[in-house]
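A quick write-up on the structure given underneath.
The values are calculated or read from the model by the stated rules, or taken from the named source; none is laboratory data. Because the structure is a prediction, the values reported are computed rather than measured. Because the Cβ atoms are built from the backbone with ideal geometry, glycine has one as well, and the counts that use them run over all protein chains shown.
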Amino acid sequence: MEKRIALISGATSGIGEATAKVLAAAGIDLILCGRRKERLDILKAALSKQVKVTTLVFDVREMEQVKSAIKTLPAEFNKIDILINNAGNAFGLDFIQNGNVNDWNLMIDTNVKGLLYVSKEVIPQMIENKKGHIINISSIAGKETYPKGNVYCASKAAVEALSAGMRLDLNPYGIKVTNIAPGAVNTEFSKVRFNGDEQKADKVYEGFEPLQAQDIAEVIGFVLSRPAHVMLGDIVVLPTAQASATTINRSL
Ligand code: NDP
Ligand code: 8X3
């Protein structure tokens, strides 16, 4: 198969990091992005044995940082075939009436505006090449709103709408758009949501077997292994114990 280049946002942990490993094993060159440079350097050192890897350190919330980081890509990396919009997090879990405005801003700026800023820098190259594949990491929270999920759910509902919008608008250019909505995945996600409180975070995954980052990474690997004429549009991936955003069987 023709050599491909993927840009992964949020490659420093969880789903993004696992995806980098799966894509490297599939022979896809990588642009690994995140704010934690040390983690990117370690991952680059490990995966450079398999494929070409470069790293970009930027905050997806800062449009100028996103722009200038992507502009610094060496020539051998500047035709991006695959964009994995994965960077994102939840901050807090509060009733709307008790919500913290800073948390709201963080979620909207990262999960919605950040995804847009990165996409805006990459889409023109894909249009020029008349091919490309954008994979947006949404969530079950984008399909169902759960109590206290309000703004996080809204940010992921926006990702769902943006995936559909991108698929429509980029249809004339042969660009694939895949929306992936995971259920509970045991990553650093809950630790971030609860501001570093590991006990609270561990409770989220108690009494059932959650997904691991690798499970989502393998789905992404499958999506990218389909032939040119096949586009997986919208995928929900749940742990077997999870039937909906709020229905998790913790007694198995
Ligand atoms: P992690 O907390 O493990 O990873 C989040 C990643 O996003 C990190 O690499 C982090 O990198 C990056 N990131 C966060 N904020 C920014 C920012 N401002 N600028 C650049 N990068 C940023 O969580 P997951 O792997 O679980 O999350 C990945 C995606 O999956 C998210 O979009 C999340 O909403 C989604 N998701 C997660 C689920 C779960 O249950 N875990 C379920 C459904 C969807 P760094 O801090 O180094 O910048
Ligand atoms: C992460 C899954 O259910 O905690 O998007 O919102 S959930």
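Going by the structure shown, is Val230 within 14 Å of ligand 2 (Cβ to nearest atom) and either touching a helix residue (DSSP H, G or I) at 6+ places or on another chain (Cβ under 7 Å) or at pLDDT 95 or above (or both)? Taking the combined requirement at face value, the residue does not satisfy it.
Residues in the range 1-11 that are without any contact (Cβ under 8 Å) to a residue 60 or more places away in the chain and either buried (at least 24 other Cβ atoms within 10 Å of the Cβ) or closer than 17 Å to Phe77 by Cβ (or both): 2 in all. Among residues of the range 226-243 that are without any contact (Cβ under 8 Å) to a residue 40 or more places away in the chain, those with a Cβ under 8 angstrom from a residue that is surrounded by 15 or more Cβ atoms within 10 Å (Cβ to Cβ) and aliphatic (A, V, I, L, M), sequence gap 6+ or separate chain, pair up as Arg226/Leu232; Ala241/Ile248. Just one of the listed residues (Lys67, Lys21) is more than 16 Å from ligand 2 (Cβ to nearest atom), part of a helix (DSSP H, G or I), on the phi < 0 side of the Ramachandran plot and under 16 Å from the mean Cα position of the chain (by Cα), namely Lys21. Counting only residues that are among the β-branched types (Val, Ile, Thr) and assigned to a loop (DSSP other than H, G, I, E, B), the range 70-84 holds 2 of them.
One residue stands out in the range 157-192 among those that are under 13 Å from the mean Cα position of the chain (by Cα) and assigned to a helix (DSSP H, G or I): the one that is nearest to ligand 1 (Cβ to nearest atom), namely Phe189. Per the listing Asn186, Asn150, the residue uniquely polar (S, T, N, Q), in contact (Cβ under 8 Å) with a residue 24 or more places away in the chain and over 17 Å from Ile15 (Cα atoms) is Asn150.
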